[in-house]
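Below: the structure, in C-alpha cells.
None of the figures in this text is laboratory data; all of them are computed from the coordinates on show. Bear in mind the structure is a predicted one, so any value in this text is a computation, not a measurement. So basically every Cβ, Gly included, is an ideal-geometry build from the backbone, and we count neighbours across all protein chains shown.
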Amino acid sequence: MNDKKGFTTTILHSDRLLKPEFGALHQPIHTAVTWGYDDVQGLVNVFQNKAKGYAYSRQGNPTVTALEHKVTQMEHGMATVAFSTGMAAISATLLALLKAGDHIIASSYLFGNTRSVLQTYTDMGLNVTYVDATSVQEFRNAYQENTKMVFVETIANPATQVADLGPIGDFCEEKGIIYVVDNTMTSPYIFRPVTVKASLVINSLTKYIGGHGNALGGSVTDTGLYNWDKFPNIAAILREQIRPEMLGITQIRKRGLRDAGGTLSPEAAHSISVGSETIALRLERACNNALALARLLEAHPMVSKVYYPGLESHPEHQLAATIFHRFGGLMSFALNDGVDCFAFLNRLKLVIKSSNLGDTRTLAIPVAHTIFFELGAERRAEMGIPDSMVRLSVGIEDEEDLLQDFKQALETI
Ligand SMILES: *Cc1c(COP(=O)(O)O)cnc(C)c1O
C-alpha cells in the first residue's frame, strides 16, 4: 500500500494502516493466549488454513503479526515469521526445511552460536561444508547434488569479512538452492538481501532493529524469490492447502515456530516495534561514530590493526561501498603485541564492557576470551581472530565524547 514511501515513513505508519481499534497509532499488546469464535466453523477454518485468524498465540498473535509486517516492509519481502530470539529463527529455519542427508554450504566466518547449532544438526545427519564466504568460487567448488541451502552473513562478526553476496546469489539461483542471508550486522536499513536474490533473510531483532538492548527477538523473511514448488522437503499436506509461493514460510511457521515453540512474546514485539521506528536515525549516527573511531584507531601507534569495512585498507571496502548504504556500527581492532587488552578495556570510562551489539550505547568485548573462547586457538586462527582483538559495537553517543574516551585510554595505558 505504501511501498513507494521512504524507509522511516513506512515503519512509522505501518501499525496505523493495519487499523487498530480507536485509531491507535501503535498495535496494542495483545496478551491473550487463545482466541474464541462464536461459530465453530471459524475456528476450523483457521486450523485448516482456509481463513486468516488466530487460534493459539504460540503460532500467531496480532501484536507479533504487526511486527512481522513491519519487518517484511523493511526487507521488501513477501512474508515474515518472528521468533523469541535470532537463534530461535535460525535453528527453526534449518529444522523446518532440511532433512538428514541434505548438504548445506555455510560461511566459515559465521556467528559462533550459528556455527554451534550447525554442529548439533550435523550430529543429526546434516552435512555442512564451511567456505571462505568472500569468494563465490569456494561455493561453486563445495556444491554437491544434495546441496539444499547456502547460509551466509552480510558482514562477519568480529573480523568484518564481507561475503561475496551478489555472485553467491547468482550461483544459488542457477542451482535452485535456498539462499539464506543473516542480515543482522547490516539490518535492512543498510542492506536488503533481496537485492542479491536471497531466498530467506534472517534478522536478530535484538540488535539494530530493536536497538535499545531491552528485548530479544528474531525473524525470518521470505523474499518471494525462491521457487518452493520444486523444493522436495515441503510436506505433502501443505502442498494441498497452501499457495506455492507461501509453502516455505508456512512450513517455517508450522514446523519451526509452532512445533519448536520459540515464540516471541507480545511485550517484546511491542518494544522491538517501537525501537524500530528510529533505526535509520540511530544507524546513521552509529555509522558516523564508527567511521570516526576506526580512523582514530587506525592512525594510533598502539593499534596494530583495525577491522572495519568503511576503511580503505579493508580488503572488501570496494564491495561494501557498492552494495551497502553505510558501513555498519560494528568494528574490531587489535592492540600491538605485548599491550594488555584487559588493561586497555578497563581504562575506558564511557564504553561498557558487554557482549551485546546494536545497542544505543557503545559496547566493547575481548573476543578470544569470550564469544570465541569455545572455538579454541586453532579455529580462532583460521577465522583471523588474534588474542588481543577487541570488538566494538559503536553506539549513538556524541562523537567527541566517544573519541575522547578512546584517546585517554590509549594514552594512559
Ligand atoms: C546476535 C546474532 C544472532 C543471534 O541473535 P539473538 O537474538 O541473540 O539470538 C544471529 N546472527 C548474528 C549475526 C548475530 O549477531
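Exactly one residue out of Ala51, Ala79 is surrounded by 15 or more Cβ atoms within 10 Å (Cβ to Cβ) and closer than 22 Å to Gln241 by Cβ, and it is Ala79. In summary, strands (runs of 3 or more DSSP E) completely within region 130-241 and bearing 1 or more residues that are small (Gly, Ala, Ser) occur at 200-204, 218-222.
Taking every residue in region 295-321 that is more than 14 Å from Thr160 (Cα to Cα) and pairing it with any residue that is of a type in the set (Asp, Glu) and part of a loop (DSSP other than H, G, I, E, B), at least 6 positions away or on another chain, the pairs with Cβ-Cβ distances below 9 Å are Ser304/Asp337. Taking (1) in a loop (DSSP other than H, G, I, E, B); (2) away from the ligand (no atom under 15 Å from the Cβ); (3) under 19 Å from Ser204 (Cβ atoms); (4) not hydroxyl-bearing (Ser, Thr, Tyr) in turn, Met74 satisfies each apart from (1). Hey, can you tell me all the residues within region 5-41 that are without any contact (Cβ under 8 Å) to a residue 40 or more places away in the chain, surrounded by 11 or more Cβ atoms within 10 Å (Cβ to Cβ) and touching a helix residue (DSSP H, G or I) at 6+ places or on another chain (Cβ under 6 Å)? Once the filter is applied, which keeps residues that are without any contact (Cβ under 8 Å) to a residue 40 or more places away in the chain, surrounded by 11 or more Cβ atoms within 10 Å (Cβ to Cβ) and touching a helix residue (DSSP H, G or I) at 6+ places or on another chain (Cβ under 6 Å), region 5-41 yields only Tyr37.
Selection of first residues in region 200-211 that are more than 10 Å from the ligand (Cβ to nearest atom) and of second residues that are among the basic types (Lys, Arg), restricted to Cβ pairs under 6 Å at least 6 apart or on distinct chains, gives the following pairs, ordered by first then second residue: Gly211/Arg282. Within region 109-137, the set of residues being touching a helix residue (DSSP H, G or I) at 6+ places or on another chain (Cβ under 7 Å), of a type in the set (Ser, Thr, Tyr) and within 16 Å of the ligand (Cβ to nearest atom) comprises Thr114, Tyr121. For region 77-104, the candidate set comprises residues that are part of a helix (DSSP H, G or I) and of a type outside the set (Gly, Ala, Ser); within that set, the residue that is nearest to the ligand (Cβ to nearest atom) is Met87. Every residue in region 141-174 that is closer than 14 Å to Phe327 by Cα and over 15 Å from the mean Cα position of the chain (by Cα), please. Ala159, Gln161 - these are the residues of region 141-174 that are closer than 14 Å to Phe327 by Cα and over 15 Å from the mean Cα position of the chain (by Cα). In region 60-67, is there at least one residue being over 17 Å from Asp259 (Cα atoms), within 16 Å of the ligand (Cβ to nearest atom) and in contact (Cβ under 8 Å) with a residue 60 or more places away in the chain? Looking through region 60-67, at least one residue is over 17 Å from Asp259 (Cα atoms), within 16 Å of the ligand (Cβ to nearest atom) and in contact (Cβ under 8 Å) with a residue 60 or more places away in the chain.
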